[in-house]
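J.: Starting off with a structure, shown below.
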Amino acid sequence: MAFALLTTGSARADIFMPGDSLMLQVAPGAIHYSYSPDHAKFSWLVGLEWQSPQRWLLGAAYFNNSFNQKCEYIYGGKVWSLDFISDQDIFKSLYFKLTGGLLLGYKEPYEDKIPFNHNGVAPGIVPGLGYKYENFSVQLDALGGAGLMFTFGYDFK
């Protein structure tokens, strides 16, 4: 049994390379551009995201959508630093993130709330603007024409 644990540990060590990070992110809710009586009283998100030193990323999120349906977003993307805005230290931690992937779970009677949805599977694109301080980050994500979501993250390096 000890051999199995040791070999598992060495296999896991090869998954992450120096400079990689793994971020746990949460969102306590969404802000909608317009009110609908069909909107859930409470939307939330929890996700995990891997990022390379070159700022490429892969991630997955599990969330309660605006219509109280449990959904997933599986994605890839890229992060760009916005330090060119100013030479002040506060701007050196600003970034723009763009992700694209698959949204899963928007089903009847709300399947038409996201474009190109077929049997609960649709493409998704999420742009975000964020600020990072040490291992913590806060990000404002645009959710298409529906609204905005603040996410809070913590990087495990």
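The values are calculated or read from the model by the stated rules, or taken from the named source; none is laboratory data. Since the model is a prediction, treat every value here as computed from it, not as a measurement. Here the Cβ positions follow ideal geometry from the backbone for every residue, glycine too, while neighbour counts run over all protein chains shown.
J.: Mind checking which residues of region 75-88 are surrounded by 15 or more Cβ atoms within 10 Å (Cβ to Cβ) and either among the small types (Gly, Ala, Ser) or assigned to a strand (DSSP E or B) (or both)?
T.: 75, 77, 78, 79
J.: Do you know which of the residues in region 13-23 that are touching a Ser or Thr at 6+ places or on another chain (Cβ under 8 Å) and closer than 17 Å to residue 136 by Cα is modelled with the lowest pLDDT?
T.: Applying the filter and picking the extreme gives 19.
J.: Right, another one. Could you tell me which residue of region 102-114 is surrounded by the most Cβ atoms within 10 Å (Cβ to Cβ), considering only residues that are touching a residue at least 24 places away in the same chain (Cβ under 8 Å) and on the phi < 0 side of the Ramachandran plot? Outline the logic, then answer.
T.: Here is the first cut: in region 102-114, the residues touching a residue at least 24 places away in the same chain (Cβ under 8 Å) are 102-107, 110, 113-114.
Adding the requirement that they be on the phi < 0 side of the Ramachandran plot leaves 102-104, 106-107, 110, 113-114.
On the way: 102: 12, 103: 24, 104: 18, 106: 21, 107: 15, 110: 16, 113: 18, 114: 20.
Here the answer is 103.
J.: Here are some conditions: (1) at pLDDT 90 or above; (2) surrounded by 14 or more Cβ atoms within 10 Å (Cβ to Cβ); (3) farther than 30 Å from residue 114 by Cα; (4) not aromatic (Phe, Trp, Tyr). Residue 51 meets all but one. Which one does it not meet?
T.: Only one criterion is unmet by residue 51, namely (3).
So that you can scan it fast, the table gives a plain yes or no per residue for (1) assigned to a helix (DSSP H, G or I); (2) at pLDDT below 95; (3) of a type in the set (Asp, Glu); (4) touching a Phe, Trp or Tyr at 6+ places or on another chain (Cβ under 8 Å):
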residue	(1), (2), (3), (4)
3	yes, yes, no, no
7	yes, yes, no, no
25	no, no, no, yes
35	no, yes, no, no
46	no, no, no, yes
73	no, no, no, yes
90	yes, yes, no, no
100	no, no, no, yes
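J.: Then there's this: Among the residues that make up region 118-140, is at least one of them surrounded by fewer than 18 Cβ atoms within 10 Å (Cβ to Cβ), among the β-branched types (Val, Ile, Thr) and under 15 Å from residue 25 (Cα atoms)?
T.: yes
J.: In addition: Does residue 64 meet the test of being within 22 Å of residue 33 (Cβ to Cβ), loosely packed, with under 14 Cβ neighbours inside 10 Å and among the polar types (S, T, N, Q)?
T.: Values: within 22 Å of residue 33 (Cβ to Cβ): yes; loosely packed, with under 14 Cβ neighbours inside 10 Å: no; among the polar types (S, T, N, Q): yes.
It is false that residue 64 is within 22 Å of residue 33 (Cβ to Cβ), loosely packed, with under 14 Cβ neighbours inside 10 Å and among the polar types (S, T, N, Q).
J.: On to the next question. Just need a number here: residues in region 44-74 that are over 13 Å from the mean Cα position of the chain (by Cα), within 22 Å of residue 107 (Cβ to Cβ) and without any contact (Cβ under 8 Å) to a residue 24 or more places away in the chain.
T.: Matching residues across region 44-74 total 0.
J.: Checking the structure you have, find out if any residue of region 135-156 is assigned to a strand (DSSP E or B), aromatic (Phe, Trp, Tyr) and at pLDDT below 95.
T.: yes
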